[in-house]
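Just below is one structure, and these are the notes that go with it.
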Amino acid sequence: MPRLGGGGPSFGSGNTDNFIPVAPTPKASNSEPGVLIAPTLAPQPPVSAQPVPVQITFPLPQATPAPTSLIQSRMQRRLQYVSTANTQMAVTITPVGASVPSYTSSNTPCTTSACSLTLTTTPGPSTLTLTLTDGTNTLASYSSVIIVRPATFNHLTFTANPVVNSVVLSLANPTPNAGTATNDVLTVNALDAAGQTIIGNANYVDRNGNPVALTLGVINNQAGGTGSVTIQGPSRITSPQRAPIYAHYDGNWLQSSAISVAASSSAVTTLTGTTLTTVPTVIRYSINCTAYQMGTAPDGNLWFSERGCQRIGRIAQNGTGFTDFITPANTDVIALTVAPNGNIWFGSTAIDVRTPSGTFIQYSPGYTAGLLCIGNDSSIWITSNYANLLDKFTVNGQMISFNISSSTRDCTTGPDGNMWLTTCRVDRGNCTPSPSRNGA
């Protein structure tokens, strides 16, 4: 029997079984001229009522050698979905209007190359119900009305519907670079109960034969950020994807976005999504000084002190480059911090303030500043390396000094609202930090 290309089944009626005896042409009798005598024939059923054999064959996918020429490549046809895990085929054919099937086979075994059986049924419209299984799980199914023609070769084509057991999403590049917009290929793989990926063009069904639709969704900003991921292409899928699907990342800051999949049938119980996580892009800037202390302004720009160059630097929020600013007194800059109002505090032997408008204000604490910190009330705290002092600038410009038993180095505001700092006791040039706090 011929076999359908593309992995579908073949139906055929053996033409040698469908011949109907035909009466010979009557001849005139020699004894009775002019009288036609017809021989007596056994009664025959109508041609349309004679059962005909039909063969159903599902070729199983086989390993195909790589083509050695363009012609061979074009001749190789991709199989529709037929799982290599199929071991049994069940078939029922019921003539339309009949209450009893004309044929039933529940456990027809498959060979390593095909699932095949030959049956006999009545010509005319019939409902064909077919399932392919691995012996336990249904891997594909089909149910529809077919037409079996009498006394002729029947060649009917159909594709079984794959039964979805689980769905897995994957991204071609799940870790794109942060700050660069990308279209990432999103693959939606539906798997059968044997764990094989479903291919072809047939619509998805569940194990009960009900249609299955898969819907994609995105949950953005799982860990903060203003960026987002959107699905470009079909977000509702009812068969193996033909058109490409992309996860579009808009390029804004984003730590991660979860891409999920939901099924219209509760019989599809395993749904595995994927996550797009951006990777920070490292941009290196070369300066001729030592970048010492850094702070971020409310507008997103990053500021840093340039020790040894009497300058402060600014890196734009989008990372396109940095700008140098020479200090007004041409003094060295070690400490730097950014106040909530956008003022840039920096200095060493003098403390300067650069306002968002570009105006500079200078204070002279009378000692070399160590580092600058922001208090919980937006005040500015200044440590001193050798003066045993801790100064506080309030938001209204008042300076308050605190005597400390040793020089102070680093400082930060604790969750208890107190200012925590490290102090040093100098002994033979070695400094041993010890923590202390000041609640002023």
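The values are calculated or read from the model by the stated rules, or taken from the named source; none is laboratory data. As the structure is a prediction and not an experimental result, all values here were calculated from the model. Positions of Cβ are generated from backbone atoms using ideal geometry, with glycine treated the same way; all protein chains shown enter the neighbour counts.
May I ask you to list the residues in segment 374-386 that are surrounded by 16 or more Cβ atoms within 10 Å (Cβ to Cβ) and farther than 15 Å from residue 351 by Cα?
Passing the criteria: only 375.
Residue-by-condition table, conditions (1) in contact (Cβ under 8 Å) with a residue 24 or more places away in the chain; (2) surrounded by fewer than 18 Cβ atoms within 10 Å (Cβ to Cβ); (3) not in a loop (DSSP other than H, G, I, E, B):
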site: 84; (1), (2), (3): yes, yes, no
site: 89; (1), (2), (3): yes, no, yes
site: 94; (1), (2), (3): yes, no, yes
site: 99; (1), (2), (3): no, yes, no
site: 106; (1), (2), (3): no, yes, yes
site: 112; (1), (2), (3): yes, yes, no
site: 115; (1), (2), (3): yes, no, yes
site: 120; (1), (2), (3): yes, yes, yes
Legend entry - Odd one out for residue 333, checked against (1) surrounded by 12 or more Cβ atoms within 10 Å (Cβ to Cβ); (2) at pLDDT 90 or above; (3) in a loop (DSSP other than H, G, I, E, B): (2)
Legend entry - Flag if residue 400 is touching a residue at least 40 places away in the same chain (Cβ under 8 Å) and buried (at least 19 other Cβ atoms within 10 Å of the Cβ): no
Inset, instruction - Identify the single condition in (1) in a loop (DSSP other than H, G, I, E, B); (2) surrounded by 14 or more Cβ atoms within 10 Å (Cβ to Cβ); (3) modelled with pLDDT of 90 or more that residue 221 does not satisfy, given that it satisfies every other one. - result: (3)
Legend entry - Residue satisfying all of: in segment 262-287; among the hydroxyl-bearing types (Ser, Thr, Tyr) and under 20 Å from the mean Cα position of the chain (by Cα); surrounded by the most Cβ atoms within 10 Å (Cβ to Cβ) among these: 278
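Have a look at 341, 301 and point out the one that is farther than 30 Å from residue 210 by Cα and either loosely packed, with under 13 Cβ neighbours inside 10 Å or not assigned by TED's automatic domain parsing to the domain that holds residue 410 (or both).
Going through 341, 301 in turn, just one is farther than 30 Å from residue 210 by Cα and either loosely packed, with under 13 Cβ neighbours inside 10 Å or not assigned by TED's automatic domain parsing to the domain that holds residue 410 (or both): 341.
Conditions tested, residue by residue: (1) within 19 Å of residue 85 (Cα to Cα); (2) assigned by TED's automatic domain parsing to the domain that holds residue 93; (3) surrounded by fewer than 18 Cβ atoms within 10 Å (Cβ to Cβ); (4) out of contact with any Lys or Arg (no Cβ under 9 Å at 6 or more places or on another chain).
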residue	(1), (2), (3), (4)
125	no, yes, yes, yes
142	yes, yes, no, yes
149	no, yes, yes, yes
153	no, yes, yes, yes
176	no, no, no, yes
194	yes, no, yes, yes
198	yes, no, no, yes
